[in-house]
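The values are calculated or read from the model by the stated rules, or taken from the named source; none is laboratory data. Quick caveat: nothing in here was measured; it's all calculated off a predicted structure. Cβ placement follows ideal geometry from the backbone for every residue including glycine, while neighbour counts extend to all protein chains displayed.
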Amino acid sequence: MLPDYLRSVLGESILKKISIKWSFLLAAWVVLLGVILFIMNSSNPNNIGPDGILLFFALLYFAALVTVVILMRVAIKVTRFGGGSGWSPTRSKRIYLSSILALAPVMLVALNTLGQLEILDVVLVGVFEIIALFYIQRRT
């Protein structure tokens, strides 16, 4: 609970919009990006080994996941802004959709590090994403 003088300075509307959960997500996103940038600037893939490469891709996936979750939340808020019903998937469906959408950049970066990223690969990743999203929409 915040003191009254702090409530009057910040205003009730700002306090209602910022929740602890979303503050935690933004903080986690900043920390993840910081660790990713540190790994990219301080190491070489030949020196870091397979464990470091796996750590890099896991961190990249979680950073993409947090980004997609935040963008999906913003999209839901924007569609509801006009007072209409808007797009409102269930919480489990949002998690499934976010996890599939966050996988695409990781797959593209992995293909790029192998030197195999071509336009056909980008199209195939896009087709995979569309099929997976369609399956999740129908399944849940």
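What the table shows:
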| read-out | value |
| --- | --- |
| Test: residue in region 74-84 that is in a helix (DSSP H, G or I) and touching a residue at least 24 places away in the same chain (Cβ under 8 Å) | no |
| Residues located in region 120-140, provided they are loosely packed, with under 12 Cβ neighbours inside 10 Å and closer than 20 Å to Thr90 by Cα | Ile130, Ile131, Phe134, Arg138, Arg139 |
| Some residue of region 78-89 being modelled with pLDDT of 90 or more and touching a helix residue (DSSP H, G or I) at 6+ places or on another chain (Cβ under 6 Å) | no |
| Single match in Phe38, Phe24 (criterion: farther than 23 Å from Ser99 by Cα, of a type in the set (A, V, I, L, M, F, W, C), in a helix (DSSP H, G or I) and modelled with pLDDT of 80 or more) | Phe38 |
| Verdict on Arg91 being touching a residue at least 40 places away in the same chain (Cβ under 8 Å) and within 24 Å of Leu25 (Cα to Cα) | no |
| Residue match in region 59-71 (condition: at pLDDT below 90, over 13 Å from Pro105 (Cβ atoms) and either of a type in the set (A, V, I, L, M, F, W, C) or surrounded by 13 or more Cβ atoms within 10 Å (Cβ to Cβ) (or both)) | yes |
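Quick grid of which residues meet (1) of a type in the set (A, V, I, L, M); (2) in a loop (DSSP other than H, G, I, E, B); (3) over 15 Å from Ala58 (Cα atoms):
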| site | (1), (2), (3) |
| --- | --- |
| Ala102 | yes, no, no |
| Val106 | yes, no, no |
| Asn112 | no, no, yes |
| Glu129 | no, no, yes |
| Leu133 | yes, no, yes |
| Arg138 | no, no, yes |
